[in-house]
1. Regarding region A:20-32, can at least one residue be identified that is of a type in the set (S, T, N, Q), within 23 Å of B:VAL57 (Cα to Cα) and out of contact with any Asp or Glu (no Cβ under 8 Å at 6 or more places or on another chain)?
2. Among the residues of region B:176-188, which ones are assigned to a strand (DSSP E or B), open to solvent by 40 Å² or more (accessible area, probe 1.4 Å) and not β-branched (Val, Ile, Thr)?
3. If I filter region A:93-107 down to residues being part of a strand (DSSP E or B) and among the polar types (S, T, N, Q), which single residue comes out as surrounded by the most Cβ atoms within 10 Å (Cβ to Cβ)?
4. Here are some conditions: (1) among the aliphatic types (A, V, I, L, M); (2) out of contact with any Gly (no Cβ under 9 Å at 6 or more places or on another chain); (3) surrounded by fewer than 24 Cβ atoms within 10 Å (Cβ to Cβ); (4) more than 7 Å from chain A (Cβ to nearest Cβ). B:ALA60 meets all but one. Which one does it not meet?
5. Test A:SER52 against the criterion of being in a helix (DSSP H, G or I) and open to solvent by 20 Å² or more (accessible area, probe 1.4 Å), and give yes or no.
6. Given the conditions (1) within 14 Å of chain B (Cβ to nearest Cβ); (2) surrounded by fewer than 19 Cβ atoms within 10 Å (Cβ to Cβ); (3) closer than 24 Å to B:LYS21 by Cβ; (4) among the acidic types (Asp, Glu), report the number of the one that A:GLU145 does not fulfil.
7. Failed condition for A:VAL15, given (1) at pLDDT 95 or above; (2) at the interface with chain B (Cβ under 8 Å from one of its Cβ atoms), with all others met?
8. Find the residue count for region B:148-161, including only residues that are more than 21 Å from B:SER47 (Cβ to Cβ) and surrounded by fewer than 20 Cβ atoms within 10 Å (Cβ to Cβ).
2 protein chains.
Amino acid sequence: MKALVERIKREGEHVGGGIVKVDGFLNHQVDAELTYAMGEELVRRFSKQGVSGITKVVSAEVSGIPVALAVARILGVPMIYARKHRSSVMTDVYYFAQAHSRTQDEQTHLMISKKYLKSQDRVIVIDDFLATGSTVTALGTLIVESGATLCAIGCVIEKPQEGGREKLASFGVPVEALSKIELIGDELSVS
Amino acid sequence: MKALVERIKREGEHVGGGIVKVDGFLNHQVDAELTYAMGEELVRRFSKQGVSGITKVVSAEVSGIPVALAVARILGVPMIYARKHRSSVMTDVYYFAQAHSRTQDEQTHLMISKKYLKSQDRVIVIDDFLATGSTVTALGTLIVESGATLCAIGCVIEKPQEGGREKLASFGVPVEALSKIELIGDELSVS
């Protein structure tokens, strides 16, 4: 996606170890217009792949929420964000899955209430980054466990060198990435 | 806001202590269409109050993000969500403010990078709940500290009995709430 690739090239900051900071439009400050355009582009690509009949969009707090919400609004379905932190209000029964956050260097538990995922649901998973695939794999596993159908996966930035896409292959669904970042020597290649 | 009030009446769950769970459309599963309509209603009310020239919408992770994003998209400005959890990517210099989360029973630090708040910014703060006002006060204080101008505050659900609005009075800006929940005896009153 051209507008996104240009933005990453202009504003992405390589903070070492192949980690790219895009806090100016994706992970701290959010460009609302670009976010909606990313949602449109993901929906267009899913539709091209024959993905249809979606009833829920699922993401995980925090950074996947804006683009997941855009996709949900375009499709006219609800968006669920998996919780990572328990609160006193979380009195439902939950599906749990474990993921590892690289930037926060911790194991996180992703939780989705059994109330909002049913066996008849057809689900798209959306996240900001696809790197090692840990978060998306956890979400996908949780969805399969709920009996719902995982139909597609979309992300804003893929880092192909970290092997996430290979890890997701076992789900057998389309995986769409709006941009790719690779580290070639010390230089970032964005496409 | 009628559609919202009806939704709270239909789906809001009183889990004790005056805490109302609205996980079906606001805090876990998000109704994308209603969220956008809430953004439109907030923008309409701010405009009626003479609020103008806004350059940034500020919220805090997690639950304020969807409606803040809607407001930002309608106004054509970026949305910033204050971070609560440090990550290895957070290499900027940050404004800090402390808030107390009642549902998670902990002190949280809200952080906004100095890169994205400047003295010429005119800011609206948006959050899901206005209860004790702790989060919104922290965000407002942080914005004032940055030299930016706090212009208005908006929330989805106000709980007037918890005194948040009185706490915010010192900012001297319009405070808009799309709905109110009060506990009368053991019964919830939603308006």
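The values are calculated or read from the model by the stated rules, or taken from the named source; none is laboratory data. Keep in mind that what you see is a predicted model, and the values were worked out from it rather than measured. No Cβ is skipped: glycine too gets one built from the backbone with ideal geometry, and neighbour counts run over all protein chains shown. The area values use the complete protein model at the heavy-atom level, side chains included, leaving out ligands, DNA and RNA. Shrake-Rupley method; radii C 1.70, N 1.55, O 1.52, S 1.80 Å.
1. no
2. Hits for region B:176-188 are B:LYS180, B:GLU182, B:LEU183, B:GLU187, B:LEU188.
3. A:SER101
4. (3)
5. So A:SER52 does not fit the description; no.
6. (1)
7. Every condition holds for A:VAL15 apart from (1).
8. 2
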